[in-house]
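Here's the structure, in structure tokens; my notes come after.
The values are calculated or read from the model by the stated rules, or taken from the named source; none is laboratory data. Predicted, not measured: the structure shown is a model, and the values here were computed from it. Heads up, the Cβs are rebuilt from the backbone with ideal geometry, glycines too, and the neighbour counts pull from every protein chain shown. Ligands, DNA and RNA are excluded from the accessible area calculation, which covers all protein heavy atoms including side chains. Shrake-Rupley method; radii C 1.70, N 1.55, O 1.52, S 1.80 Å.
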Amino acid sequence: MHLQSIETAVQNRRSQPHQLIEVLQDVQESFGYISQEAMTTISKELGVPLIDVFRSASFYKAFSLKPRGKHVLTMCLGTACHVRQAKLLLNQALSQLQLKPGEMSDDGLFTVEHVNCLGACALGPVVVQNGTYHHHMTPAKLRKLIQSIRKTEKEGKDHAQNKQS
Amino acid sequence: MPRISSLKELEALKKKLQAERKKIKKTLTTCAGTGCQASKSKEVINKLRKELAAQGLDKKVRIRTTGCHGFCEQGPIMVLDPANLFYCHVRSEDVPEIVSQSLSRGKVIERLLYTDPVSGEKIKTEAAIPFYRAQDRQLLAMNRLVDPESLEDYLAVGGYSALIKTIGKVEPETVIEEIKKSGLRGRGGGGFPTGRKWTECRQAAGEEKYVICNADEGDPGAYMDRCLLEGNPHLVLEGMMIGAWAVGAQKGYIYVRNEYPLAVKHARQAVAQARAWGLLGENILGTSFSFDVEIARGGGAFVCGESTALMASLEGKVGEPRPKDVHTVVDGLWHMPTTLNNVETWANVPGIMEHGADWFAVKGTETSKGTKILALTGHIKNTGLVEVAMGTPLRTIVYDIGGGGSNGKAIKAVQTGGPSGGCLPVDKFHLAVDFDALTKAGSMVGSGGMVVMDESTCMVDVAKYFLTFLQDESCGKCLPCRLGIERMLEIVTDITEGRGRPEQIDLLKELAETVQETSLCGLGKTAPNPVLSTLQYFLDEYHIHIDQKRCPAGVCQSLISYSVNEEKCTGCGVCKRNCPSQAIEGQKKHPHRIIDDLCTRCGICTSECQFQSIAVS
């Protein structure tokens, strides 16, 4: 589901304060983060004080208050992945991209996040790239994955530029 | 599908579907659960559809796309029936051969067979695989038989029979008696007797009552709830309907983790189908019973697995728990009587109502009845979901089903019950999976996560891992949990970084006991368990860290150093190129060297080196 606007997310849920988290979920899914503007609209439409919208948006891990990159790399750090060295993967991604967790790279391409379990424990360590699961990951495989995303993005950009010129 | 307006009509439809299914001679079952999808099972299924259509077999052979079978590591998994032929690690390139050889000619493709890691033998049928054979798959077995997106499939395997038998026919009190008699206890971790919960909710006064399915499976290392809701959503729904009938609820909620997109999708579809068929809504199947279910997605807060925090979240608020002097069965969601059960608990209900309490209670121990699904992961040969009768010893699970340790290293411990549980050493492997036995040993069954750890795991690091997790997930409402976990983490971090002092062990114990006794909710009350259990069983590891400033497992970054084994190093330069700290020097084709001062012990070189020439000391 991709929403055209925040208005769509609050449609059919107006004046229903208990729908706050569902609305935030939809906004997060469509825009990749919860903007200040979104919070103001949600507050008005659902009848929830702005401070409570902010409180929920900042309390739950599912919501990001900052824009995220085009490619979100989610590292699972659950117990099963942890004992299979998932920490190395996080080190790899963060050092390769020179990022901190949750930060977006300057080119807007990457964000690296970590979660506490994706429920794919038998396949650990697991890395999810925009909804695609990569199992039995190693730092080397992850390095290649990041390189290949960069390459594809660069080619896409060059292609678009060639088209324009 | 037209609305079904009576129990009789549903019964007739079920019979018709069963007769139709019997005519299908050949079935190809492919798993499309989260695990197998990660191994590209969708590509296999698409190719299969095309191939069957091309060979004109699409009318004769049924392709069944199912949820998780529990053996994710072997994915994508395919089972050919009626021969029960089991193929694993199937790729889309294999499909034409499977169709032309196995399906049409009944020939076995050797390379796709499962190899038992213990005996090294190739195994042909699903039934003969030791991993499955040693289990008692009362709930999980059905996952392989139903397409989670098809209500017809669920009906055809006998689904909704318990509902037909129960609503409008059996008095709610009798239903509760049956559940009580079965001895069913909450599968989410608490182990509270389900029947007692239902009685209290039934007896509580309230204009409206609610039932909630807790699918906010936050315990890292446990995924049986994902598997059930994703693979057989109607089973969970049926359980909830019976529960609602018993306690007198008109409305239900499934609170599911948003990290499980497929479970959210299938639960939504199942609810929509059930509504369209008249299994949910006003006057279900022509009876006086009205009930509807809504799906709510969790916000990724571990504390929301706690009942009062979950209900706050459902009300659209921040997920903080409240004191439970008045139980949620009396004062729950919107201050109304509410019955909250875990996915696996709900999934057990239809079976009990269909076959009777005795059928259920035959399995298990004195105080823990039935079966329990466990998520067996970590350093073990066979990882996956395992369903066993309560009372099965840990040894059977780890060695007979799990096949023992992987990587050729000796198993040291098993961590059970997630962040609320503890680590049990090998000499406790005679203990049975039983709510009370494991609690007595300082751990718990919890939601059923079982992470096997071998010699390469540092137990102090495990304690640190869970404390880091819990500190991050503590909602911060009560002080003992908020600050107590933080202080414990500080001490354990000191120990893992070489600043530990002998007197800190006693301080750690004292803190742990205080947090246990004074925290507001279950999260804080059980938070010290990983620390206490590792202190109880692996105290020597703490002492080695403190006294000798050494990590025997070679895990704690501050206490280890990396060096290059010059004999093994070929000077290929891969480590040098990939070191993010430029801490490796050397010329091509000459042994390299690690500059200790620059090395951050990130471990990337160890995994990049193909010649195992990086040594940890």
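How do the pairs read when you match residues in the range B:292-311 that are at the interface with chain A (Cβ under 8 Å from one of its Cβ atoms) with residues anywhere that are surrounded by fewer than 24 Cβ atoms within 10 Å (Cβ to Cβ) and of a type in the set (K, R), using Cβ under 6 Å and keeping only pairs 6 or more apart or on different chains?
Here the result reads B:G300/A:K61, each pair linking the range B:292-311 to a residue that is surrounded by fewer than 24 Cβ atoms within 10 Å (Cβ to Cβ) and of a type in the set (K, R).
Could you pull out the residue among B:C572, B:C599 that is away from every other protein chain (no Cβ under 11 Å) and touching a strand residue (DSSP E or B) at 6+ places or on another chain (Cβ under 8 Å)?
Of B:C572, B:C599, the one residue that is away from every other protein chain (no Cβ under 11 Å) and touching a strand residue (DSSP E or B) at 6+ places or on another chain (Cβ under 8 Å) is B:C599.
May I ask you to list the residues in the range B:574-595 that are open to solvent by 60 Å² or more (accessible area, probe 1.4 Å) and under 41 Å from the mean Cα position of the chain (by Cα)?
Residues satisfying the conditions are B:K576, B:R577, B:Q582.
Take the residues of the range B:1-10 that are in a helix (DSSP H, G or I) and open to solvent by less than 60 Å² (accessible area, probe 1.4 Å): which is farthest from B:L103 (Cα to Cα)?
B:L7
Among the residues of the range B:76-98, which ones are aliphatic (A, V, I, L, M) and crowded, with 20+ Cβ neighbours inside 10 Å?
Result: B:I77, B:M78, B:V79, B:L80, B:L85, B:V90, B:V95, B:I98.
Among the residues of the range B:201-239, how many are in a loop (DSSP other than H, G, I, E, B) and not aliphatic (A, V, I, L, M)?
Counting residues in the range B:201-239 that are in a loop (DSSP other than H, G, I, E, B) and not aliphatic (A, V, I, L, M) gives 12.
Residues in the range B:429-456 that are open to solvent by 10 Å² or more (accessible area, probe 1.4 Å) and at the interface with chain A (Cβ under 10 Å from one of its Cβ atoms): how many?
Number of matching residues: 1.
Mind listing whichever residues of the range B:167-197 are surrounded by fewer than 24 Cβ atoms within 10 Å (Cβ to Cβ) and among the hydroxyl-bearing types (S, T, Y)?
Correct list: B:T174 only.
Pull up the range B:121-141, narrow it to residues that are assigned to a helix (DSSP H, G or I) and open to solvent by 50 Å² or more (accessible area, probe 1.4 Å), then point me to the one that is nearest to B:M78 (Cα to Cα).
Filtering the range B:121-141 for residues that are assigned to a helix (DSSP H, G or I) and open to solvent by 50 Å² or more (accessible area, probe 1.4 Å), the one nearest to B:M78 (Cα to Cα) comes out as B:A127.
Among what's in the range B:13-52 and is hydroxyl-bearing (S, T, Y) and assigned to a helix (DSSP H, G or I), pick the residue that is farthest from B:V99 (Cα to Cα).
Per the stated criteria, the residue is B:T34.
Mind listing whichever residues of the range B:526-554 are small (G, A, S) and touching a Gly at 6+ places or on another chain (Cβ under 7 Å)?
Scanning the range B:526-554 gives a single hit, B:S533.
Of all residues in the range B:63-109, which are among the charged types (D, E, K, R) and closer than 24 Å to B:L385 by Cα?
If the condition is that a residue be among the charged types (D, E, K, R) and closer than 24 Å to B:L385 by Cα, then B:R64, B:E73, B:D81, B:R91 are the ones that fit.
Considering only residues of the range B:259-269 that are modelled with pLDDT under 95 and crowded, with 20+ Cβ neighbours inside 10 Å, which is nearest to the chain's Cα centre (by Cα)?
The extreme case among them is B:Y260.
For the range A:87-165, which fully contained strands (runs of 3 or more DSSP E) count at least 1 residues that are surrounded by 18 or more Cβ atoms within 10 Å (Cβ to Cβ) and more than 9 Å from chain B (Cβ to nearest Cβ)?
A:110-115, A:127-129
Quickly run through the range B:376-400 and pick out the residues that are touching a helix residue (DSSP H, G or I) at 6+ places or on another chain (Cβ under 6 Å) and not hydroxyl-bearing (S, T, Y).
B:G378, B:N382, B:G384, B:L385, B:V386, B:E387
Among A:L46, A:L94, which is within 19 Å of B:G319 (Cβ to Cβ) and touching a Pro at 6+ places or on another chain (Cβ under 9 Å)?
A:L46 is the lone residue from the list that is within 19 Å of B:G319 (Cβ to Cβ) and touching a Pro at 6+ places or on another chain (Cβ under 9 Å).
Can you name the residue in the range B:43-72 that is in contact with a helix residue (DSSP H, G or I) (Cβ under 7 Å, 6 or more places away or on another chain), open to solvent by 50 Å² or more (accessible area, probe 1.4 Å) and not acidic (D, E) and, of all such residues, is farthest from A:T132 (Cα to Cα)?
B:Q55
When the range A:86-121 is examined, which residues are found to be of a type outside the set (A, V, I, L, M), touching a helix residue (DSSP H, G or I) at 6+ places or on another chain (Cβ under 8 Å) and under 20 Å from B:R577 (Cβ atoms)?
If the condition is that a residue be of a type outside the set (A, V, I, L, M), touching a helix residue (DSSP H, G or I) at 6+ places or on another chain (Cβ under 8 Å) and under 20 Å from B:R577 (Cβ atoms), then A:N91, A:Q92, A:S95, A:Q96 are the ones that fit.
Would you check if there is a residue in the range B:471-482 being closer than 21 Å to B:V555 by Cβ and open to solvent by less than 10 Å² (accessible area, probe 1.4 Å)?
Looking for residues that are closer than 21 Å to B:V555 by Cβ and open to solvent by less than 10 Å² (accessible area, probe 1.4 Å), one finds none in the range B:471-482, hence no.
Check B:Q273 against each of (1) open to solvent by 10 Å² or more (accessible area, probe 1.4 Å); (2) part of a strand (DSSP E or B) and name the one condition it does not meet.
Condition (2) is where B:Q273 drops out.
Quick one: what pairs do we get from the range B:463-484, first residue on the phi > 0 side of the Ramachandran plot, second open to solvent by less than 10 Å² (accessible area, probe 1.4 Å) and assigned to a helix (DSSP H, G or I), C-beta under 8 Å, 6+ apart or different chains?
Final answer for the pair search is none.
Residues in the range B:457-477 that are outside any helix (DSSP H, G or I) and more than 9 Å from chain A (Cβ to nearest Cβ): how many?
So the count comes out to 4.
Which residue is nearest to B:N258 (Cα to Cα), if the candidates are limited to the range A:99-129 and must be polar (S, T, N, Q) and in contact with a Ser or Thr (Cβ under 8 Å, 6 or more places away or on another chain)?
Across the range A:99-129, the extreme among qualifying residues is A:Q129.
If the requirement is being of a type in the set (V, I, T), more than 14 Å from chain A (Cβ to nearest Cβ) and buried (at least 18 other Cβ atoms within 10 Å of the Cβ), which of these qualifies: B:I397, B:I373?
Just one listed residue meets the conditions, B:I397.
May I ask you to list the residues in the range A:52-83 that are more than 7 Å from chain B (Cβ to nearest Cβ), farther than 16 Å from A:V128 by Cα and open to solvent by 30 Å² or more (accessible area, probe 1.4 Å)?
Of everything in the range A:52-83, those that are more than 7 Å from chain B (Cβ to nearest Cβ), farther than 16 Å from A:V128 by Cα and open to solvent by 30 Å² or more (accessible area, probe 1.4 Å) turn out to be A:D52, A:F54, A:S58, A:L65, A:K66, A:P67.
Being within 14 Å of chain A (Cβ to nearest Cβ), open to solvent by 10 Å² or more (accessible area, probe 1.4 Å) and either within 19 Å of the chain's Cα centre (by Cα) or β-branched (V, I, T) (or both) narrows it down to one residue among B:K409, B:K381; which is it?
The match here is B:K381.
Determine whether the range B:242-258 contains at least one residue that is closer than 30 Å to B:D434 by Cβ and open to solvent by 10 Å² or more (accessible area, probe 1.4 Å).
Yes - at least one qualifying residue is present in the range B:242-258.
Give the residues of the range B:39-89 that are under 22 Å from the mean Cα position of the chain (by Cα), of a type outside the set (S, T, Y) and more than 14 Å from every other protein chain (Cβ to nearest Cβ), sorted by residue number.
B:M78
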